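Undergrad: What follows is a single structure, and I will ask about it in a moment.
Bear in mind these aren't lab numbers, they're just calculated from the coordinates by the rules spelled out. Only a predicted model underlies this, so the values are computations on that prediction, with no experimental measurement involved. Quick reminder, even Gly has a Cβ in these numbers, built from the backbone with ideal geometry, and neighbours come from all protein chains shown.
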Amino acid sequence: MYWPARIMTLIVAALVAIHAGEPMSAGEIAFAHSEQFILSEINRLRAEQGLPQLRPNNRLYAMARSHSSNMAGTGALSHTDSLGRSFKERLGNKADERYHAGENVATNNYPDPARVAVEGWRMSPKHLKNILNEKFTETGIGVAINSEGSVFFTQIFLGRSTNFQNGKDKNYIQSSELRRLQNTDFDNPIEK
């Protein structure tokens, strides 16, 4: 068996086991497969540039899944959710020089939507800048589909900053806000 396919099979099996014995729907398995594909492709792009792999962060995955679900619910591709909160506001609106964050979003309804999303990000200078940002060390990816068949993707990037410019950067996350996010229940959908 081809190695990536073997690894994907093991990951899906692990996700089924992690799901506390409850069966996963075909859609959940497909989303998990898409998320893992995106992580693998993004890490491949980083490796080609001599950058370390991004580590999966469960809290960032929950945030990304929540945002993708919100976009699918509204049918709108945006870094702002249906409550009007920007990416920075969803993370916490106070700055702290210890963390740096970024977000990529995409949507499409092509036969291989995850591959198309990654290719779109790769071809976009602003999205590629997030992918190849050496400050980022962790990531979370979320996938959701709406009733029209459009698939929505969110990838969140996070890293500790080593570059202090006057102790401020508008993209940093205050550590108390990060702790608040870590204790947030992202399984509950955002109400309109």
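Undergrad: Roughly speaking, what is the stretch gain from residue 134 to residue 109, that is 0.36 nm per residue apart minus the C-alpha to C-alpha distance, in nm to one decimal?
TA: 5.9 nm
Undergrad: In addition: With charges only on Cβ, +1 for K and R and -1 for D and E, what is the dipole size of the range 94-137 about its Cα centre, in debye, rounded to 20?
TA: Rounded to the nearest 20 debye, it is 80 debye.
Undergrad: Taking the mean number of other Cβ atoms within 10 Å as a proxy for protection, how do you rank 61-70, 112-121, 76-85 from highest to lowest?
TA: 61-70, 112-121, 76-85
Undergrad: By how many nm would the segment from residue 55 to residue 122 lengthen if fully extended, with 0.36 nm per residue of separation less the alpha-carbon distance?
TA: This chain segment gains 22.2 nm when fully extended.
Undergrad: Still on this structure: Between residue 48 and residue 148, how many nm apart are label points set 7 Å from Cα along the C-beta direction?
TA: Between residue 48 and residue 148, the simple spin-label model gives 3.1 nm.
Undergrad: Multiplying the sequence separation of residue 98 and residue 80 by 0.36 nm and subtracting their Cα-Cα distance, what value in nm do you get?
TA: Net length gain for the segment: 4.1 nm.
Undergrad: A follow-up question, please. Taking amide H atoms as placed 1.01 Å from N in the peptide plane, list the residues 5 or more away in sequence, or in a different chain, whose amide H sits under 5 Å from that of residue 103.
TA: Placed amide hydrogens put 157 under 5 Å from residue 103.
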